[in-house]
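The values are calculated or read from the model by the stated rules, or taken from the named source; none is laboratory data. Keep in mind that what you see is a predicted model, and the values were worked out from it rather than measured. As a convention, Cβ positions derive from the backbone with ideal geometry for all residues, glycine included, and neighbour counts pool all protein chains shown.
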Amino acid sequence: MTKGFHWNKWTRKTHYWGAFVISVPIIIIIGTGILLQLKKDVNWIQPPTSEGQSQNSPTLSFDEILSAAMTVDEAGFKSWEDIDRLDVRLEEGIVKVRGKNRWEVQVDTKSGKVLQFAYRRSDLIESLHDGSWFHDKAKLWIFLPTGIILFSMWITGVYMLILPYTVKWKRKK
């Protein structure tokens with residue numbers, strides 16, 4: 001037997017060690033990915049979108065929207081400092097006021113009435129999914145390499161799957 005590079009042995013070792021190295025990040029990615037696939041179907045993950053009085057005709061100012069959202073004690077909004085973003089849904093006639101604390105208050109853009117409020121978990125799940133929850137650098141230094149290693153495992157897995165068939169095919173020739 002000649003010494004040197006053995007492709008079959010290398011692919012098996014790459015597959016084995018790659019699976020070991022990425023096991024924890026892959027479990028996080030798969031688990032959170034499944035939850036994110038269900039976010040529109042499971043209200044616990046993301047509150048459903050309500051419908052306002054009239055579509056495509058908002059009449060409230062931003063300050064009026066904030067005032068309406070501040071009436072929800074559970075959300076704990078005191079000023080614009082507490083707000084992460086406003087998600088304006090003209091076709092539904094609502095504004096989703098999303099707080100930095102992950103609470104969401106849906107306000108009718110015509111009447112200013114609070115239609116719904118709930119804790120929004122989808123953003124937390126998304127930050128776990130991409131690794132940014134752990135640290136900003138975790139995205140690039142842990143989760144990106146995990147994706148690259150997973151891709152190489154896929155390639156080596158396909159190679160190991162096809163190899164027995166190519167050996168049989170060569171023997172028949």
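For ARG171, indicate whether it is of a type in the set (D, E, K, R), surrounded by 16 or more Cβ atoms within 10 Å (Cβ to Cβ) and out of contact with any Pro (no Cβ under 6 Å at 6 or more places or on another chain).
Working: of a type in the set (D, E, K, R): yes; surrounded by 16 or more Cβ atoms within 10 Å (Cβ to Cβ): no; out of contact with any Pro (no Cβ under 6 Å at 6 or more places or on another chain): yes.
So ARG171 does not fit the description; no.
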Which residue pairs have Cβ atoms closer than 6 Å, lie 6 or more positions apart in sequence or on different chains, and pair a first residue in region 45-74 that is of a type in the set (Val, Ile, Thr) and modelled with pLDDT under 90 with a second residue that is surrounded by 15 or more Cβ atoms within 10 Å (Cβ to Cβ) and in a loop (DSSP other than H, G, I, E, B)? THR49/GLU92; THR59/LYS110
If only one of GLY18, GLY52, GLY76, GLY31 is surrounded by 17 or more Cβ atoms within 10 Å (Cβ to Cβ), over 14 Å from GLY112 (Cα atoms) and not β-branched (Val, Ile, Thr), which one is it? GLY18
Scanning region 83-97 residue by residue, those crowded, with 18+ Cβ neighbours inside 10 Å and under 14 Å from ALA68 (Cβ atoms) turn out to be ILE83, GLY93, ILE94, VAL95, LYS96, VAL97
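What do you reckon, is LYS139 surrounded by fewer than 19 Cβ atoms within 10 Å (Cβ to Cβ), closer than 30 Å to ARG12 by Cα and without any contact (Cβ under 8 Å) to a residue 40 or more places away in the chain?
Yes, satisfied.
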Please go through region 114-136 and give me each residue that is among the small types (Gly, Ala, Ser) and surrounded by 16 or more Cβ atoms within 10 Å (Cβ to Cβ), ordered by number. ALA118, SER122, GLY131
Quickly run through region 146-173 and pick out the residues that are farther than 17 Å from GLY33 by Cα and in contact (Cβ under 8 Å) with a residue 60 or more places away in the chain. ILE149, SER152, MET153, THR156, GLY157, TYR159, MET160, LEU163
